[in-house]
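Participant: Before anything else, here's the structure in question.
What follows is calculated from the coordinates using simple rules that are stated; it is not laboratory data. None of these values were measured; they are calculated from a predicted model. Here the Cβ positions follow ideal geometry from the backbone for every residue, glycine too, while neighbour counts run over all protein chains shown.
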Amino acid sequence: MIERHVTVRVKEGLHARPATQFVKLAKTFVSDVQIRRGDKGANAKSSVKLMLLGLKEGEDVSLTAEGDDAPAALDALATFIETPEAGLDLGGTVPLATADERSSSFTPRREVLSGPGGVPASEGAAIGPAFGFFPEVLQAPNRVVATESIEAEIEMMRRALDATTASLIGSKLKDGVTPQDAQIIEALIEVARDAEMIGAVESVIRTGKDAVTATLQAGQDLAATFERVDNDYIRARAEDVRGVTRALALELLGKADANLGAVPEGAILVAEEISAWDFAKAPLQAIAGILCTKGAATSHVAIMARTHGIPAVLGSRADLAALRAAQVVALDGKTGEVWLDPNDTVATEIRERVAREARERDALDSYRQIIPVTRSGQAIEVAANLGSLKEIGPALKAGAMGVGLFRTELLFMERKVLPSEDEQAEIYAELARAFAPYPVIVRTLDIGGDKPVAGIEFPHEENPFLGWRGVRMCLDRPDVFKPQLKALLRAATHGNIKIMVPMVTNADEVLRVKALLAECRAELDAAGIPVGNPDLGIMMETPAAALLAADLAKHAAFFSIGTNDLTQYVMAADRLNPRVADLNRADHPAVLRAIELICDAARQQGIWVGICGEAAARPDLIPIFLRLGVKELSMSPASIPRAKKTVTEIELPGL
Ligand code: PEP
Ligand code: MG
């Protein structure tokens, strides 16, 4: 047996997806591999056990392997554990929505205090005939198996398990299954094949219980263990375990479960709980809505409902008997409201909501890929705010005309060491290529004591938002700043890269950045490395910058207004403090006055100005911004179609 000590570097630890990938890798070796943290250990080939071990980023673990290929197994598994991105981009098993998908398609829980309402799990209103899905409760037969028949009982369980797995594989290959569905079904297949789960069932059979009883009991125990884990995502996996063990028990009993295959067109699926397993078998295009008394926003059924645009309310407080008796159900997956057998007024209101949402969706869809032009003929660039390469796909799909703000902080925060110049050059180049010929505006590192980064020592500050951050820190740390500037100069040969400097308060800072850029260029030239000639712009987000805009405009190719910080600094109202949220308003006259100063200065100096704070996506403010002369709006990808539509409806008198 050989042993290796490693530190978990996988981003956010070995949660569901990386755990499944890790197990897949472990299974490619014949050796027995165990992973331990302190006195707790798990078989590296069991994703169930591994998830329950809940290994977090930064924890020290030991890997032990025994078998012919033990050294190779340890090498591969240790490398996996020490790789921050491991398991995240490899087409893993459990899909996690991107930040933008989450914000667009999922509304956080809002308490509906009375009635049958519940957790808003997938946006949209729906009304239709109830289709009850209440599978029979399986009773454990509690049959005693004689010692000499135990092996045969285990053999029978294994055959049933093979049939269950085959049926899952069949549903994965069905028409209309999206890649996301397929990944979820794959997670179920993993559970069905999991050595720990099979082992748990076998051990119960060995105590002399029949296979059905053993399956139900082991499934219950394992599901309960998942439910005790202090992690919403892993807790929700209890549902997978219950789904798979139920399917196995039914297979053993030779019974078929209640069938979702017969859901009529336009029905609302009503249930206590729907497992991903059941849901995968349903004709998804027929389902108008989903209402369950169990489940929450991270349940697989919620993820699948969002993927397919099916409105859903889970964790409903509806009484089960009332739910079974309901003929018609109405719900709103955005608010969590539910009505059983709604009266005519409610039914009419919900039908109107359904029709309005359909119209809004259709209308917005056609705006995704257009170049928005105001009624007076000005073309406006609507770009995306991104923080990682993973968001490129959703941004392009939403119709992003380039990137108006690439926040580079994440690249630094997700690593244990500073990202190298080469690594950064590759990332910025990939962005440039993805959006060419549109611009990609990369903001240089904007970080302070509130978000520490490995490799940069931040002193304790009473108020980090007014402290050593953004360009202030970067100018003091050329060892951190120059590799980023060099990477940007190199990436500029691959597309339309622009550089933007955050937290500027005076022209001297910009001139010092320019001097550093010239130094970087000279060093790259001397080394024979090709460089581009990216524009340098200023992020306008401090009151000082707004007041000195006329001076700053002489030193910049463009301005981009960061309304998030500009608002908090102009209004002296912390953007993170809900108690002063009323003051933290981008539409306050003082903030709009600051924006006007910036736009006037830009116009006089002949440079363009954009907005990359949250306010850029607001349909009520876009007309004001365009009237002030703003030419580019940058926002979360999900907001792009609506912003494009708003632009096309604006008349700009006198322009
Ligand atoms: C801003 O301040 O408006 C902005 C876009 O940047 P961030 O939100 O990253 O501070
Ligand atoms: Mg800012």
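Participant: Using only Cα positions of segment 2-81, each an equal point scatterer, no hydration layer, compute I(q)/I(0) via Debye at q = 0.23 Å⁻¹ and quote the log10 values to two decimals.
Facilitator: Calculated log10 I(q)/I(0) at the listed q: -1.04.
Participant: Once Lys and Arg get +1 and Asp and Glu get -1 on their Cβ, which of Ala347, Ala395, Ile287 lies farthest toward the positive end of the dipole of segment 272-399?
Facilitator: Ala395
Participant: Give me the dipole magnitude in Debye, nearest 20, for segment 147-253 about the Cα centre, with unit charges on the beta carbon: positive for Lys and Arg, negative for Asp and Glu. Intermediate results must be reported in sequence, preceding the final value.
Facilitator: Values: 12 positive and 20 negative charges, 30 e Å.
Dipole about the Cα centre, nearest 20: 140 debye.
Participant: Got a sec? Charge dipole of the chain, +1 on Cβ for Lys and Arg, -1 for Asp and Glu; which of Gly243, Thr215, Met571 is way out at the positive end?
Facilitator: Met571
Participant: Please identify which residues in segment 616-640 have an amide N closer than 20 Å to a label point set 7 Å out from the Cα of Val373, following the Cα→Cβ vector.
Facilitator: Flagged as within label range: 623, 626-627, 629-633.
Participant: Report the rotationally averaged projected area of segment 147-253 based on its alpha-carbon convex hull, in square nanometres. Intermediate results must be reported in sequence, preceding the final value.
Facilitator: Values: hull surface 27.0 nm².
Mean orientational projected area (segment 147-253, Cα hull): 6.8 nm².
Participant: Cα-based Rg of segment 276-402 per 2.2 N^0.38 Å, rounded to two decimals?
Facilitator: Values: Rg = 19.0 Å, N = 127, 2.2 N^0.38 = 13.9 Å.
My calculation over the Cα atoms of segment 276-402 gives 1.37.
Participant: Please compute the modelled spin-label separation between Gln327 and Ser203, points set 7 Å along Cα→Cβ, answer in nm with one decimal.
Facilitator: 5.3 nm
Participant: Related question: What pairs from Lys174/Lys645; Lys397/Lys514; Lys45/Lys397; Lys482/Lys554 go past 31 Å between their alpha carbons? Show your work: numbers first, answer last.
Facilitator: Details: Lys174/Lys645 37 Å; Lys397/Lys514 35 Å; Lys45/Lys397 37 Å; Lys482/Lys554 24 Å.
Those over the limit are Lys174/Lys645; Lys397/Lys514; Lys45/Lys397.
Participant: A follow-up question, please. Can you tell me the alpha carbon radius of gyration of segment 539-589 divided by the globular rule-of-thumb value 2.2 N^0.38 Å?
Facilitator: Working: Rg = 12.2 Å, N = 51, 2.2 N^0.38 = 9.8 Å.
After normalising by residue count via 2.2 N^0.38 Å, the value is 1.24.
Participant: Hey, another quick one. For the pair Leu511/Lys27, report the inter-label distance in nm, with labels modelled 7 Å from Cα in the Cβ direction.
Facilitator: Computed distance between label sites Leu511 and Lys27 equals 6.5 nm.
Participant: Where a ≥ b ≥ c are the square roots of the eigenvalues of the C-alpha gyration tensor, would you call the chain rounded, which needs a/c under 1.5, or, failing that, prolate if a/b is larger than b/c, or oblate?
Facilitator: Working: a/c = 2.57, a/b = 1.48, b/c = 1.74.
In terms of gyration-tensor shape, oblate.
Participant: What's the FRET efficiency of Ala152 with Ser388 using the Cβ-Cβ distance as r and R₀ = 60 Å, to the nearest 0.05? It would help to have the intermediate numbers written out before the result.
Facilitator: On the way: r = 54 Å, r/R0 = 0.90.
Using R0 = 60 Å, I get an efficiency of 0.65.
Participant: Also, quick follow-up: How much mean residue ellipticity at 222 nm does the chain get from its helices, if each DSSP H run of length 4 or more adds -39500 (n - 2.57) and you divide by all residues, to the nearest 500 deg cm²/dmol? Spell out each step's value before the answer.
Facilitator: On the way: 26 runs with 286 residues, N = 655.
About -13000 deg cm²/dmol.
Participant: Could you work out the relative contact order of the chain, using alpha carbon pairs under 8 angstrom and six or more residues apart, expressed as a whole percent? Intermediate values should be presented prior to the final figure.
Facilitator: Values: 1331 pairs, mean separation 76.9, N = 655.
After rounding, I find 12 percent.
Participant: Two decimals is fine: what is log10 I(q)/I(0) at q = 0.08 Å⁻¹ for segment 381-648, from a Debye sum with one equal scatterer on every Cα and no solvent?
Facilitator: -0.30
Participant: Quick one: compute the contact order of segment 147-253, relative version, from alpha carbon pairs under 8 angstrom and 6+ residues apart, as a percent.
Facilitator: On the way: 101 pairs, mean separation 32.7, N = 107.
Worked out over segment 147-253, it gives 31 percent.
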